[in-house]
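The values are calculated or read from the model by the stated rules, or taken from the named source; none is laboratory data. In this text the structure is predicted, and so the values were computed from the model without any measurement. Cβ sites come from the backbone with ideal geometry, for glycine too, and all protein chains shown count toward neighbours. Quick note on the areas: whole protein, heavy atoms, side chains included, nothing else; ligands and nucleic acids left out. Shrake-Rupley method; radii C 1.70, N 1.55, O 1.52, S 1.80 Å.
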Amino acid sequence: MLLANHPLPGKTIPGDTASRLSIRAAEDTARFSLRIDPAAVQAAGTAFGTPLPTRIGGMTATGGRSALQLGPDEWMLTAPVAESDGIADAFAALQEPHSLVDVGHREVGILVEGEAAALALRSAIAFDVEAMAVGSGCRTLFDKAQIVLVREDENRFRIVVWRSFADHVWGLLQAVSREIALGI
Amino acid sequence: MSNFRIAGKGRVNRSRQVRFTFDGVDYTGYEGDTLASALLANGVHLVGRSFKYHRPRGILSAGSEEPNALVGTDRGNGRFEPNTRATVLEVFEGLKTESQNRWPSLTRDIGAVNDALYMLFSAGFYYKTFMWPKSFWDKVYEPVIRNAAGLGKAPTAPDPDVYASRFAHCDVLVVGGGAAGLAAALEAGRSGASVILCDEQSEIGGSLLSEPAAEINGQLAWDWLEDANAALAGMPNVTVLPRTTAIGYYHQNFIGLCQRLTDHLRIVPEGAPRERMWKVRAKQVVLAQGAIEKPLVFAGNDRPGVMLAGAARTYLNRYGVKVGNRVVVVTSHDSAWHAAFDLAKAGVEVAAIVDVRGTVPTQLAAAADALRIRTLIGWTVTGTRGRLRVSSVRVNPVGAGGKVGSAETIACDALLMSGGWTPSIHLFSHTQGSLTWNEDGQMFLPGRGKEDCCLAGAGKGRFGLKAAFEDGAAAGAAAAADAGFGVEPPAYHVEGELSFTGVTGRELPTDRDLGHAKAFVDFQNDVMAKDIRLAVREGFKSIEHIKRYTTTGMATDQGKTSNINGLAVASDALKRPIPAVGLTTFRPPYTPTSFGTFAGYNKGALFEVTRKTPIDGWAEENGAVFEPVSLWRRARYFPQGGEDMHAAVARECKAVRSSLGIFDASTLGKIEIVGPDAAEFMNRMYTNAWTKLAPGRCRYGLLLGEDGFIRDDGVIGRLAHDRFHVTTTTGGAARVLNMMEDYLQTEWPDLKVWLTSTTEQWSVIALNGPNARKLIEPFVEGIDLSDGAFPHMAMATGKICGVPTRLFRVSFTGELGFEINVPARYGRAVWEKLFEAGQRFGITPYGTETMHVLRAEKGYIIVGQDTDGTLTPDDAGLSWAIGKTKPDFVGKRSLSRPDMLAADRKQLVGLLTADPKTVLEEGAQIVLDPNQPVPMEMVGHVTSSYWSAELGRSIALAAIQGGRSLQGRTVHVPMPDKVHSATITGMVFVDPENTRLSA
Amino acid sequence: MLLIRCPYCEAERPEVEFTYAGEAHIARPADPSALSDDEWRDFLFIRTNPRGRHFERWRHMHGCGRFFNAVRDTVTDKFAMTYKAGEPRPSDEEIALAGSATSVGEARP
């Protein structure tokens, strides 16, 4: 296999102290965009091996696989990279009309962690990040870049962004983390 | 240097002296000083020259409303800012400042000749004087006028600072940290609501900072303030933002706050932003912005040393600075008396209090007597003297019936004035809330609002500390309640209140000719009362027109101190009441705001998103010259050994046509269309027929708008019965997907098909040239690449270099070509592997410029370059791409509209110049007869034009009216050097039989 | 920046997540070829362009991705309500009802 090339290879932004803010490029995951009539969501969950959430913004996760509902008929499925082919095969057997598209290489993940994580994101995200429920996610804009934002924990967020926009998001996070480290 | 600092007074930090310069002179001040207070402490009143007349000007106010004291500030390291208000600029060690609009120096300014010629420069002077000749406007009048008039000079170097922004959501936003705002924030904070309190000053406190003697609930004001600040700091739900100006109030309680982070610091930490734009969405807003004191309008009211009485009181009480040694107070309002009292108590000689009212409250008169201050009740001021600083004031009694008696001159070195107070309703006005005229207070007050906001304290005409506290507390509690938090506001007990009655003056009565009085209304724009009267005489009736004609209120201070005076003068001249004359609209920003703050992070590398492909790094390392294509940057060409673009492109073209070129096509838009109705959806969207396209085959797809014009194109492969791999133009990717989603979601929601952008899932490597197959054959697994099994316009999935691929046999060059899609993370590695293996074929990386030439040689169009949104498929010579038997597709009906069938529509054709070396300019116009008179009839334009190395001559594409019927005809192309002639040809210049495609 | 309620997400989201998409309730004719040139012209180009209440389309582009309809006042820029694509044009009563639920208070005197 050839060498994979990442836009943010092994990068981190340490911030002032790791507890307050730490930003790093996330590990690769298998990632699919699933489109299916919400009436068939149960069958899709069976194929995926994890029940799918049934409201926009909702997330489910079991055994390393997670599903985030982004639109009325749209889910982002993630799983360990090695499980990619298995997921594609499982959906190929699904009788309900649907669209499963591999977008594992389309995006990269950035983890924003620490007490100041929400503060850092507020620099470039217009909706009320502080009020976002833990275990929810949504598509939004980060400055001028479209992202998917997931709140994995009170102080841990995951940004999923198309790879060509990742540099921009990263550069902005660097500037923001400087401010936060300086305490201004 | 004289010292006007008074021991034991003020809040500046006497233990921290700071040195700064003004016009190259060293001064000292204290931490906590503004430039204005520090200069006044050194006896400096003269700080600038006025905009138009170059009159010496001093410090008028002690706040952000300052119209006069604008200086240039140099913070070092290229940080220069013009027009900084000295009254808000905090001094720090090493600060360098300079006066503006003077030459050669502030005290001897050549431009002051304008002052002697002031009768010439009245309202509308420019419009009346510089009428003709027209050509003089750009070349003579405007440069000269601009040079003579004006404020500070804009810096020419790039701004070295960085800026920040932040979104915030809160229950209650309180604007203004004076008595009312503090009380509001305390109540809202206690309720548990999330609160943001902002104030433009360096310290929270507002007028309390100037009222040390007042007692609040038994505490001295500053002790109370300290406790209040501590209480707010102890509330985790409250954010307090000093040095933060609310600059604009927008829909749905969206408020912009400009926070100044480092301007006051001697040493700016590396990478620290200078300012931050807060974008606050508040459930409720409390506006507690206080009130601004009005100057009085009389001759000579603009001399250095003439200032607002409240400002003098602030300099004394907050900064411990006396503004003069012998002062006169002139007022129409009680509050100025307190300035006189405080100054007298501090040992300043108060030569007189001149009150233009007939009577004043008895306790004020008694207090003046007790301090042995002479009072002149019912007197007026009719002039001042003093070249660079006021030296005396001319006062006259006003008798019964308004008769002005004989004058007396009183020597003084400062003249303090007050014409009453104007509530700051700017932000409320931004919401388009209505204003009502309050006849008693002679002021505009907020009326019906359009947002969830309320006003409190002096900002809505409730003057005095007790009123401000209680009004603020009630507003804070109510705002919290409306946001879902309950709290009961307390009562406040205040001792030592100022008296707040007064009248709003018109221009003061005088015994002199009003037509010659230099009685200023707008200090910053040098507008006098006589200018406003002139405007009225010349027929202007609306304040909006008077404002524009005289420019009153149009300076950078937006008339904070001048609007009501201007309105009063206009009202008198028009003999109509003030509300009938109207008030001009306030607009954001409240105070001048740097462009940097608006830009926020978006400067330098973060100015705009720069999208890069997975192969971009290789291109950069190999010397590519890039060009922007929508948000992408793409390699344009790869110069070698000092080649210019022309040479590099010629070499790259040759390599492709003769052997092998490699091109990064990753930016092509890609959409995966999946579902049982995929083919039906494609049939409806694209002009072509898709039903019969077999899996494993591609087709050129043409997309129209409903208006029948070409929107996009691209090669589309069918992966399976229910799955298409659609490509779009680079710039059209998002637009096409949006258009498809629109039709799918809103017109054909019954179709079982879904669209997913895969642009960035795939890296795309285009290989073109006779040796393309030979190169990839050894690396491809699972696909038979022979011409029979994998002909032109075939596609298949398999592996290349061990990674999955979607391989297309397509060509945008006319040569044997492949487009290799691999998962994005492997793009660069596959590219490098192929590049290495391609060395034996002399593989040549080529960029977009070469791609453009190669496709133009074949007559392949680029949507957006050869089309401009007004070309139909037939215009572009693409009628063959229309599925004739399809009953409908997007845009089909429009193609039979009469206009679309006209014979004289512009059609794409080829052009060959008579001189083969001439490369026409893209966009050049085309005429049939070069000898016709100007304006010539233009029949078309050049859309693409290149040097073709293959042909050893130039080629061009052009859109020409009825072009296809004019084959062989000579046309003419006027260009800057000469008119060139060219012959209309077909669009295909190289290999018209397409023999190379199937090589 | 406006707040816009997405009827699919059932949440108010910032305007930057949305794109405007023209007047609402203009359905593409089922058989365009049956239309006269004038009828087709009207479908393509003629819009109401009202001063005041406007039925219009928006897309939650950087959100759930759905096109939906909105009732907005072109003078005040205020949204009275939003509703899903395909739903009928709301009645005056429905608009008034939705508008009163989201209207803002007057400034207190």
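Step through the residues of the stretch C:17-29 one at a time and calculate ³J(HN,Hα) from phi using the Karplus curve (6.51 cos²θ - 1.76 cosθ + 1.60, θ = phi - 60°), rounding each to whole Hz and writing x for Gly and Pro.
Listing the rounded values in order: 7, 10, 10, 7, 9, x, 5, 8, 6, 10, 7, 5, x Hz.
With a 1.4 Å probe, how much accessible area is buried between chains A and C, both sides summed, in Å² to the nearest hundred?
When A and C are taken together, about 1000 Å² of accessible area is lost.
Along each of the three principal axes of the Cα atoms of chain A, give the extent in whole Å, ordering the values from largest to smallest.
56, 41, 28
Give the residue from B:SER658, B:GLY731, B:LEU668 lying farthest towards the positive end of the charge dipole for the stretch B:657-765; charges sit on Cβ (+1 for Lys and Arg, -1 for Asp and Glu) and the dipole is referred to the Cα centre.
Towards the positive end, the residue furthest out is B:SER658.
Could you order A:VAL169, C:VAL16 so the one with the most accessible surface comes first? Probe is 1.4 Å.
Per-residue accessible area, sorted high to low, gives C:VAL16, A:VAL169.
If you take the Cα Rg of the stretch B:831-943 and divide it by 2.2 N^0.38 Å, with N the number of residues, what do you get?
Output field value: 1.48.
May I ask which of B:LYS752/C:LYS78; B:LYS294/B:LYS345; B:LYS560/C:LYS78 have a Cα-Cα span longer than 28 Å here?
B:LYS752/C:LYS78; B:LYS560/C:LYS78
Straight-line reach only, C-alpha to C-alpha below 12 angstrom: list the aspartates and glutamates that B:LYS858 could link to, leaving out same-chain residues fewer than 8 apart.
Leaving aside aspartates and glutamates fewer than 8 places away in the same chain, those within reach of B:LYS858 are B:GLU815, B:GLU950, B:ASP991, B:GLU993.
If amide H atoms are built 1.01 Å from N in the plane of the peptide, which residues on other chains or at least 5 residues away come under 5 Å of the amide H of B:GLY152?
Here B:ASN83 satisfy the definition.
Which one, B:GLY386, B:GLN839, B:GLY642, is farthest towards the positive end of the dipole of the protein assembly as shown when Lys and Arg carry +1 and Asp and Glu -1 on their Cβ?
B:GLY386
Taking the alpha-carbon set of chain C, what are its Rg and Dmax in Å?
Over chain C's Cα set, Rg and Dmax evaluate to 15.8, 61 Å.
Largest first and to the nearest Å, give the Cα extent of chain B along each principal axis.
Largest to smallest, the principal-axis extents are 114, 69, 56 Å.
Find the Rg to Rh ratio for the stretch B:902-998, where Rh is the Kirkwood radius over alpha-carbon pairs and Rg uses the same atoms.
With Rg and the Kirkwood Rh in hand, the quotient comes to 0.99.
Rounded to a whole number of µm²/s, how large is the Stokes-Einstein D of the stretch A:30-102 at 10 °C and 1.306 mPa s, given Rh as the Kirkwood radius over C-alpha pairs?
135 µm²/s
Return a whole-number percent for the relative contact order of chain B, with Cα pairs under 8 Å and 6 or more residues apart as the contact set.
Answer for chain B is 9 percent.
Mind checking which lysines have their C-alpha under 28 Å from B:LYS799, skipping anything on the same chain fewer than 8 residues away?
Those lysines meeting the cut-off are B:LYS612, B:LYS670, B:LYS692, B:LYS774, B:LYS833.
What size of dipole, in debye to the nearest 20, comes out for chain B about its Cα centre when the only charges are +1 on Lys and Arg C-beta atoms and -1 on Asp and Glu C-beta atoms?
It comes to approximately 1460 debye.
Ignoring ligands, DNA and RNA, please state the percent of accessible area on chain B from carbon and sulfur, probe 1.4 Å.
Roughly 54 percent, rounded to a whole number.
Note down the magnitude of the dipole of the protein assembly as shown about its Cα centre, charges +1 on Lys and Arg C-beta and -1 on Asp and Glu C-beta and zero elsewhere, to the nearest 20 debye.
2740 debye
Quick one: order B:LYS670, B:LYS917 from most to least accessible surface, probe 1.4 Å.
Numbers: B:LYS670 0, B:LYS917 155 Å².
The most accessible residue leads, giving B:LYS917, B:LYS670.
Under a cut-off of 18 Å between alpha-carbon atoms, report the aspartates and glutamates in cross-link reach of B:LYS906, not counting same-chain residues fewer than 8 places apart.
B:ASP707, B:ASP866, B:ASP868, B:ASP874, B:ASP875, B:GLU922, B:ASP929, B:GLU937
Specify which residue in the list B:ALA605, A:HIS168, A:ILE56 is farthest towards the positive end of the charge dipole of the protein assembly as shown, using unit charges on the beta carbon of Lys, Arg (+1) and Asp, Glu (-1), about the Cα centre.
Result: B:ALA605.
Just how far, in whole angstrom, is the stretch B:540-611 from the stretch B:169-221 if you go by their alpha carbon centroids?
28 Å
Gap in Å between the Cα centre of the stretch B:630-700 and the Cα centre of the stretch B:706-723?
Answer, in whole Å: 14.
Please identify the DSSP H helices in chain B that span no less than 20 Å along the helix axis (Cα) and have a mean Kyte-Doolittle hydropathy of 0.5 or more.
Span-like helices here: B:465-482.
How big is D for the protein assembly as shown, in µm² s⁻¹ as a whole number, if Stokes-Einstein is applied with the Kirkwood radius of its Cα pairs at 10 °C and 1.306 mPa s?
45 µm²/s
Return the whole-Å distance between the Cα centroid of the stretch A:110-184 and the Cα centroid of the stretch B:432-478.
39 Å
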